[in-house]
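Engineer: Structure incoming, see below.
The numbers here are math on the coordinates, done by the rules we state, and not lab data. Keep in mind the model is a prediction, meaning the values are calculated, not measured. Cβ coordinates were reconstructed from backbone atoms using ideal geometry, including for glycine residues, and neighbour counts include every protein chain displayed.
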Amino acid sequence: MPDLFPEPIVKWIEQQSLKLTASAPLSGGCIAQIRQLTLEDKQGSCLELVLKQMPGGAAEQLAAEVCGLQALRLLEPHALRVPQVVMQEGNCLLLEYLPPAPPTNDFDTQLGIGLALQHRCQSDSGQFGFAIDTFCGGTRQPNPWLTEGAVFYARQRYQVLAKQNLQLNRITAGLFDQILRLCDKLPELVPCQPAVLLHGDLWSGNVICGPQGEPALIDPAAYYGWAEAELAMTQMFGGFSHRFYLVYEAHSNILPGWRDRADLYNLYHYLNHLLLFGGAYHRDVERIVKYYSG
């Protein structure tokens, strides 16, 4: 076993009577350190897992990821692939490794159908929120249950991040007041829509190609919210294919005008990127707030 290997992982490997035969870094982690582990049992069979390690004190963040992954693992046919959780303790998470294969010809069709299926899932109460707070990047997403979507997004998405950006002097008091006015207008800006199960951080980097060339989801920031907000984020950072949107729209009840509201939903993610990375995103925040606050 390598020196300085995490103690919870060492114990788990020993308890399973496995032997670590290889460990290699994987790309894709902005905050976490990610490694592919190759393990061997006493019969010589191999098991490949992903080890995700966060900085000290991040146990709550990994526990939220586990909860999100488990929520997204639907059992219905055509559901999107989600890696199985093997164990999580402290700042260590072990996941099923999905060896990548070339995408199938119907990758985008599978993705569109699978996401539409996911967006049919509602919470038991039909409310907005989640069982626990989740994290988008390193940013906490408060998820107390609320009945009204506009209230949920105003209080627990836009206003939370606006306050944090104001405290760091990344937005002015004037821009903060404009965001509050925008929040007051949300009920008239956003059509009525149910709270559905969202990945919550669905940009192209969090959709990978699985071992059969199928789409798979990783790194969720899950909660029950507006489907339009999820679709809006898919258009950030390069977006998804035209085929994906055609298929999704054909298999869902999404309103045809959702693209006209995409910037409004993505304001949350621009505020989050401004909070995490600084001034490069200020222009987008200011542009969107000015347009919608009136």
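Engineer: Rounded, prolate or oblate: which fits the range 22-148 when a ≥ b ≥ c are the square roots of the eigenvalues of the alpha-carbon gyration tensor, with rounded for a/c under 1.5 and prolate only if a/b beats b/c? Please report the intermediate quantities before stating the final value.
Structural biologist: On the way: a/c = 2.06, a/b = 1.25, b/c = 1.65.
Oblate shape, in that a/c is at least 1.5 and b/c is the bigger or equal ratio.
Engineer: Could I ask something else about it? Put +1 on the Cβ of every Lys and Arg and -1 on every Asp and Glu Cβ in the chain; which of Ala22, Thr38, Asn91 then has its Cα farthest towards the positive end of the dipole?
Structural biologist: Checking the options against the dipole of the chain, the answer is Asn91.
Engineer: Helix 59-72: angle to the longest alpha-carbon principal axis of the chain, degrees 0 to 90, nearest 10?
Structural biologist: 80 degrees
Engineer: As I understand it, the dipole of the chain uses +1 on the Cβ of Lys and Arg and -1 on the Cβ of Asp and Glu, about the Cα centre. Which of Met54, Gly68, Asn169 lies farthest toward its positive end?
Structural biologist: Among Met54, Gly68, Asn169, the one farthest towards the positive end of the dipole of the chain is Asn169.
Engineer: Can you tell me how the chain classifies by the Cα gyration tensor, rounded, prolate or oblate, using a/c under 1.5 as the rounded cut? Please list the in-between numbers first.
Structural biologist: Details: a/c = 2.13, a/b = 1.53, b/c = 1.39.
Prolate shape, in that a/c is at least 1.5 and a/b is the bigger ratio.
Engineer: How large is the charge dipole for the chain, taken about the Cα centre, if only the Cβ atoms of Lys, Arg (+1) and Asp, Glu (-1) carry charge, to the nearest 20 debye?
Structural biologist: Rounded to the nearest 20 debye, it is 600 debye.
Engineer: Kindly identify the range 7-96 as rounded, prolate or oblate by the Cα gyration tensor criterion: order the square roots of the eigenvalues as a ≥ b ≥ c, call it rounded if a/c is under 1.5, otherwise compare a/b with b/c, prolate if a/b is larger, else oblate.
Structural biologist: Oblate shape, in that a/c is at least 1.5 and b/c is the bigger or equal ratio.
Engineer: So for each of 212-218, 185-191 I average, over its residues, the number of other beta carbons within 10 Å; can you give me the resulting order with the highest mean first? Spell out each step's value before the answer.
Structural biologist: Numbers: 212-218: 19.1, 185-191: 14.0.
For the peptides 212-218, 185-191, the packing ranking is 212-218, 185-191.
Engineer: Going Cα to Cα from Lys52, which lysines come in below 21 Å? Please leave out same-chain ones fewer than 8 positions away.
Structural biologist: The reachable lysines, counting only those whose Cα sits under 21 Å from Lys52, are Lys11, Lys19.
Engineer: Shifting gears a bit: For the range 1-109, which trypsin sites (Lys or Arg not before Pro) are both in a DSSP coil and crowded by at most 10 other Cβ atoms within 10 Å? Provide the component values of the computation, followed by the final result.
Structural biologist: Numbers: sites: Lys11, Lys19, Arg35, Lys42, Lys52, Arg73, Arg81; in loops: Lys42, Arg73.
Here the sparse-neighbourhood loop sites are Lys42.
Engineer: Still on this structure: Tilt of helix 107-118 relative to the longest C-alpha principal axis of the chain, in degrees (0 to 90, nearest 10)?
Structural biologist: The answer is roughly 70 degrees.
Engineer: Quick one: angle between helix 282-293 and the longest Cα principal axis of the chain, in degrees between 0 and 90, rounded to 10, please.
Structural biologist: Helix 282-293 sits roughly 50 degrees off the main axis of the chain.
Engineer: Related question: Below 29 Å, Cα to Cα, which lysines can Lys163 reach? Residues fewer than 8 away in the same chain don't count.
Structural biologist: Hits, sequence-local ones excluded: Lys185, Lys290.
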